[in-house]
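Here is the structure we will look at, set down as structure tokens.
Read-outs: derived from the displayed coordinates by stated rules, not from any lab. As the structure is a prediction and not an experimental result, all values here were calculated from the model. Cβ coordinates were reconstructed from backbone atoms using ideal geometry, including for glycine residues, and neighbour counts include every protein chain displayed.
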Amino acid sequence: MSDQLAAWLPGRLTNLGTDGFGRSNNREQLRRHFENHAESIPAAAQQAILDLGFNPEKQDTQRA
């Protein structure tokens, strides 16, 4: 879809999809292959929190 819209929008548009790689029969299988599906996204976010040393329990001290 982004390839179709790119000609009509200003700036650069990058396609982040996984369609058209010829690795599976449908989009769901292809997303699973590239770990770009609903179950892998929160797992990747959790791993990033651990890898970057963020403390998810830390209180926001910027609140008014």
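Please give the length that would be gained between ASN26 and GLN4 if that part of the chain were fully extended, namely 0.36 nm times their separation in residues minus their C-alpha to C-alpha distance (nm, one decimal).
Details: separation 22, 0.36 × 22 = 7.92 nm, distance 2.03 nm.
Full extension from ASN26 to GLN4 adds 5.9 nm.
Among ASP60, ASP3, which comes first, then next, by fewest other beta-carbon atoms within 10 Å? If you can, show how the numbers build up before the last one.
Numbers: ASP60 5, ASP3 10.
Fewest-to-most ranking of ASP60, ASP3: ASP60, ASP3.
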